[in-house]
1. Taking the residues in the stretch 14-49 that are more than 21 Å from the chain's Cα centre (by Cα) and of a type outside the set (Lys, Arg) as candidates, determine which candidate is nearest to Pro119 (Cα to Cα).
2. Restricting to the stretch 84-113, what's the tally of residues that are at positive phi and surrounded by 20 or more Cβ atoms within 10 Å (Cβ to Cβ)?
3. Output the residues belonging to the stretch 1-26 that are assigned to a loop (DSSP other than H, G, I, E, B) and at pLDDT 95 or above.
4. So His161 fits all but one of (1) within 19 Å of the chain's Cα centre (by Cα); (2) in a loop (DSSP other than H, G, I, E, B); (3) under 24 Å from Arg226 (Cβ atoms); what number is the exception?
5. Looking at the stretch 9-21, can you tell me whether even one residue there is surrounded by 22 or more Cβ atoms within 10 Å (Cβ to Cβ) and either in contact with a helix residue (DSSP H, G or I) (Cβ under 7 Å, 6 or more places away or on another chain) or more than 15 Å from Val126 (Cα to Cα) (or both)?
6. Taking into account only those residues within the stretch 49-70 that are in contact with a helix residue (DSSP H, G or I) (Cβ under 7 Å, 6 or more places away or on another chain) and within 13 Å of Leu32 (Cβ to Cβ), which is surrounded by the fewest Cβ atoms within 10 Å (Cβ to Cβ)?
7. Name the single residue, out of those in the stretch 27-40 being crowded, with 17+ Cβ neighbours inside 10 Å and of a type in the set (Gly, Ala, Ser), that is modelled with the lowest pLDDT.
8. State the number of residues belonging to the stretch 158-179 that are in contact with a strand residue (DSSP E or B) (Cβ under 6 Å, 6 or more places away or on another chain) and either closer than 28 Å to Pro214 by Cα or surrounded by 16 or more Cβ atoms within 10 Å (Cβ to Cβ) (or both).
Amino acid sequence: MPWDPRRYHQFQKERFAPFEDLLRLIKARSGLRVIDLGCGTGELTRRLADHLPESDVVGLDASREMLEQAQGQARLGLRFQLGAIEDVDGEWDLVFSHAALQWVAGHRTLMPRLLSLLPVGGQLAVQVPSNFDHATHEEIRDLAGCEPFRDALNGWVNELHVLPIREYADLLHAHGAGELNVFEKIYPHVLEDADAMVAWMQGTALVPYFDRLPKELHERFLRSYRDRLRRRFPERPVFYGFNRTLIAATRVR
């Protein structure tokens, strides 16, 4: 997926707010082995490393475009490497992920596997968007089912992989986690208008569609999507209530 770091950071303040909430759920200690799954451009991995003094922190991401920028954040005790979340291994005192695991399928097996990378006393801290029933996503899926996009995508529609919060709690408890803190929070963003919502989605949810659509259909898809959101959200400014799921757990057995 060709991620665009510049576009992703267009709403940096709004995107970074849940990171601070997740950071507060961590028991900060020095000298930890830490991996940040889906580190992106590395600013927040640097913030994580600064929060955990004398720790060895690795930022992992599958996007070369993101990692090119992340390398500028590297320092003693903080490094970045290319790799897929699905392939992560090793033993870590903290497995951390901010707004990345929604791109990975199979959370019922993924979450226990991430927990297994921790020793007893190790921590798991994860934040994922959980707003996929919002109109901004509904309109993308509906438009992808219309021609000529449906044929160009071979019927493909991106299904993101987030479970209900109760299922995360049950799953992690069953696989040896304690001190569970699992909740959903709505982040109240007020954007300029519907076009700003489109710009937000261009940095995330629209990326895999444009990756699969031929370039000659990109502008047509974007124009149709913008028209749909303008009809649904004619007000200025527009309220964009964004649901996110936050998970913190400690391995106890």
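1. Narrowing the stretch 14-49 to residues more than 21 Å from the chain's Cα centre (by Cα): 27-33.
Now drop any that are not of a type outside the set (Lys, Arg), which leaves 28, 30-32.
Details: Ala28: 16, Ser30: 16, Gly31: 14, Leu32: 12 Å.
Here the answer is Leu32.
2. Applying the first criterion (at positive phi) to the stretch 84-113 yields 90, 99, 106.
Still in the running and surrounded by 20 or more Cβ atoms within 10 Å (Cβ to Cβ): 99.
Residues flagged as at positive phi and surrounded by 20 or more Cβ atoms within 10 Å (Cβ to Cβ) within the stretch 84-113 amount to 1.
3. Residues of the stretch 1-26 assigned to a loop (DSSP other than H, G, I, E, B): 1-4, 25-26.
Correct list: Leu25, Ile26.
4. (3)
5. Within the stretch 9-21 (the criterion being surrounded by 22 or more Cβ atoms within 10 Å (Cβ to Cβ) and either in contact with a helix residue (DSSP H, G or I) (Cβ under 7 Å, 6 or more places away or on another chain) or more than 15 Å from Val126 (Cα to Cα) (or both)), the answer is no, since none of the residues qualifies.
6. Taking the candidates together, the pick is His51.
7. Taking the stretch 27-40 as the starting set, the residues that turn out to be crowded, with 17+ Cβ neighbours inside 10 Å are 32-40.
Subset that is of a type in the set (Gly, Ala, Ser): 38, 40.
Numbers: Gly38: 97, Gly40: 93.
Residue satisfying both the conditions and the ranking: Gly40.
8. Looking only at that region, the number is 6.
The values are calculated or read from the model by the stated rules, or taken from the named source; none is laboratory data. Quick caveat, the model's predicted, so the values are computed rather than measured. Neighbour counts are summed over all protein chains in view; Cβ atoms, including those assigned to glycine, are modelled from backbone coordinates with ideal geometry.
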